[in-house]
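Working notes, structure below.
The values are calculated or read from the model by the stated rules, or taken from the named source; none is laboratory data. Computed from a prediction, not measured in an experiment: that's the story for all the values here. Virtual Cβ from ideal backbone geometry, glycine too; neighbours counted across all protein chains shown. Side chains included, ligands, DNA and RNA excluded: accessible areas come from the protein's heavy atoms. Shrake-Rupley method; radii C 1.70, N 1.55, O 1.52, S 1.80 Å.
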Amino acid sequence: MSKTGSPRTDAMVRGRQADTERRRTRVEQSLRDLQAAGEEVSVTAVARRAGVDRTFLYRHRDLLTQIHTAEQSPAEGAVKGAGVSRASLMADLAAANERNARLMGRIGLLEQRLSQLMGEQTWSESGLGAPDGVDKLQQRIVQLEQERGDLKLKLDEAVEDLDAARSTNRELTRALNQAG
């Protein structure tokens, strides 16, 4: 008898370890099969093909790391430069989200400006408008705020262009390093 308990308990532990090893082997083989077939590699695809639950993969971090690494690398049968990679789609999505955020900011500025103009128009039509000097100063403030908003948008676009150029530079450098 061992330290863990009865021979029956030891047999159960050994059986569980053997089952885990069989599952690990199936997962590793499924990953190789997916890569060899040029199919998309994902946690779900590997788990389905290996006949294991996804939680099994999350409990075995080394297997999960292998899958995530395979997700990022092109399939063996894939032609370089052909198709769209997951990374490029993710970069496109991030850029679209950034653009959406910028446009939402721009819409907010335009709504604020429209509200101001409608308020000023109502105020002046009521005959209770402010003296001309104050109106001119308020118009100048609004104009400067609009210019500030435009400059902010231009800066955001320039930063996005710079980030895209840096990303492209990293990809090209990585491709050159892999080729060399």
Single residue of the range 41-55 satisfying the filter (closer than 12 Å to Ala70 by Cα and not small (Gly, Ala, Ser)) that is surrounded by the fewest Cβ atoms within 10 Å (Cβ to Cβ):
Val43
Filter pass, Leu109 being free of Cβ contacts under 8 Å to residues at least 40 places away in the same chain and either open to solvent by 100 Å² or more (accessible area, probe 1.4 Å) or in a helix (DSSP H, G or I) (or both)
no
Can you find a residue that is modelled with pLDDT of 90 or more and of a type outside the set (Phe, Trp, Tyr) anywhere in the range 124-139?
no
State whether one or more residues within the range 122-144 are at positive phi and exposed (fewer than 11 other Cβ atoms within 10 Å of the Cβ).
yes
Just to be sure before I move on: is Lys80 under 30 Å from Asp163 (Cα atoms), open to solvent by 50 Å² or more (accessible area, probe 1.4 Å), basic (Lys, Arg) and at pLDDT below 85 in the structure I sent?
yes
On the given criteria, is Asp92 open to solvent by less than 80 Å² (accessible area, probe 1.4 Å) and without any contact (Cβ under 8 Å) to a residue 60 or more places away in the chain?
no
